[in-house]
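Right, one structure below, let's go through it.
Just so it is clear, none of the values below were taken in a lab; they were calculated from the coordinates. Small disclaimer: the values here were computed from a predicted structure and weren't measured. Note: ideal-geometry Cβ built from the backbone for every residue, glycine included; neighbour counts use all protein chains shown.
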Amino acid sequence: MMTRKKRRVILVVIILLILVILAATFVILYLNTDMFKSNQTLFVKYLGKNADNVKALESILNSTDYDEQLKVTPYNDNIEAKVNYTQGIGTTDQNTDNSINQLEVTAEGQTDNTNSYDYRDVKLLKNDEQVAQAEYLHSSNNYGIKFSDLFSEYIVSENTNLKELFRKIGYTDEQLQNIPDTVNLNEDIINELKFSDEEIASLGEKYFGIIEQNVSDTNFSKQSNQIVTINKQNYTANAYVLNLTKEQLNNIYVSLLQNIEQDETILGKVDILQNKINELSLGNINLNLREDIESKIDRTIKKINQSNIGSDATKIIVYESDGVTIRTRIETPDYQTNIDCLQNQFAEVLVTNGEKEIYKATLNNSSNNLSITFQNNNDESVITFERTEELNNQTRNQKYNLVYQVGDKEVEVNISRTTEIIQSIDNVQSFNSENAVMLNNLEDAQSQEIINTVKTGLDTELETIRQEIEYGDIEQMLKDIGLLRDSTVLGSSGITETEKSRFNSTFELLQGENLSTENVTNSIQTIKNNIGNIEIVSNSELRLSIVRSGGNEEVVNALTSFLNEHRNNQYNISVGYDENGLVNQLILTIVEK
């Protein structure tokens, strides 16, 4: 018979086992479910799951198996792009009769990334007739472009010692500071700027911790069995609510901004972007992103601290269904925002003021169709983007449709792309002494003369294209739909900023050093309708006054005669500007021998 002492020992052991089991069960339930967790903990948890939603949406942009195959296999690639502009949509005055609808751009080519080869033949068509053509060729480490309507040769540069090349063609020492010796055109900056999973986890823990530190448990509450309607479907959800006064919210803002200002994980990405800007800049751009961000943060903090008084309240609600955050809602006295997300299938951001919708952005995604719509009720504009694709063995057909509608005016861009994976490229293009000019191998004067010849030819060609495609129609379309908003004249010049830029570029392209007389003569003929008068400043300097229209033929003839009489001279060309920043002088300086 068991003694009383043994029975007590067994009872104690059983009780301890029960306690251990209960403790283990509690730990398992706490770690794997929402049981026993505070409203504050659950709010932060499901607010943080918005990062998972963003990651799911990013997956839409990830490379497909077909895209990965293109990286290692040769392929043909044909692209067609067309713009349609319609006025008076939905009215009896609907009109599509304009020059824009007659234009089309095509690009045909072949690519073999494994062998560093890419060829493109780009054409501008009007009513199916060619207006302009350009060919691009990347072969090995050489990059060339040929304006087929103007020149029979490629202008080629080797992707090495670029600083020396730009020095040859006239860049100043100051401009050369931001020219790299090589440009890595294949490096994927997007991947460099992405945060790793470890970085995201660390940032989430840090910044959600800041929220927890600045609010107490009493600010949080829970509402169970809430019905949420997303994309016309009802979901039962738990709502975790955070109520904040204006002071509490501003304290969180300030704390978050102060930490961001010192966060090297975030600022390190800014430095990567800064380095890329420095590498790719072809001029002396004085831009320091880190300092700019820090300065803006300081100004924002100062502004917040100056207005940190008031009784306004903000409510943030996170809706969770089956362990997934499906909606985040922000309510302020001025607006209400819903951020809905169903993994990578559907997402919507809706900003309202009471019952009035202000902004609405919606994304729908299926296996072969992606559509994005942005609606702005302030200016009655709607932007719709749609992408569809079909894959048939080794061929992929993609169609992109972008529609921008404002009131009764609509611009539609249609792009179709057909990509075909092939075994090899039959007709491989290459650079040789007969079809290419290698700028890196030329002397300084030769490089400058070729570049200026190309500039002059392109300027003439661009002016022809502007007339042929009726550029004024394009400019008017952009103004009609609000994309070209700069219609303010500059002082008394009666010219817009856009027109000024276009006008100035005509003459700025002519600038150069050690130019031959033939090159200068060609330049003068290009701008003869803008030459008003001539001033002889000295034996070595001539100043041509530039007018917007109504050139002086006698001055042009006299200048041409002078240039013909002194054919052995070389010239430097620069420009001068008036008080409105408009080119008003072309300065010719004879180079001393």
Which shape class, rounded, prolate or oblate, goes with the stretch 532-593 when its Cα gyration tensor gives a ≥ b ≥ c as root eigenvalues, a/c under 1.5 marks rounded, and past that a/b bigger than b/c marks prolate?
oblate
Near Lys276, which lysines are there with a Cα under 19 Å away, not counting those fewer than 8 places off in the same chain?
Lys163, Lys194
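Counting other beta carbons within 10 Å of each residue's own, what order do Val520, Val583 fall into, fewest first?
Details: Val520 23, Val583 19.
Result, fewest neighbours first: Val583, Val520.
Would you work out if the stretch 345-393 is rounded, prolate or oblate? Take a ≥ b ≥ c from the square roots of the eigenvalues of the alpha-carbon gyration tensor; rounded if a/c is under 1.5, else prolate when a/b is larger than b/c, oblate otherwise. Each step should come with its number before you reach the end.
Details: a/c = 7.66, a/b = 2.50, b/c = 3.07.
Verdict is oblate for the stretch 345-393.
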Within 10 Å of each residue's Cβ, count the other Cβ atoms and sort Asp52, Asp334 from fewest upward.
Asp334, Asp52
Between Leu478 and Asn580, what length comes free when the chain is fully extended (0.36 nm per residue of separation minus the Cα-Cα distance, one decimal in nm)?
34.3 nm
For the stretch 458-590, what number results from the quotient of the Cα radius of gyration and 2.2 N^0.38 Å?
1.16
Treat the count of other C-beta atoms within 10 Å as a stand-in for reagent exposure and order Lys49, Lys356 from fewest to most.
Lys356, Lys49
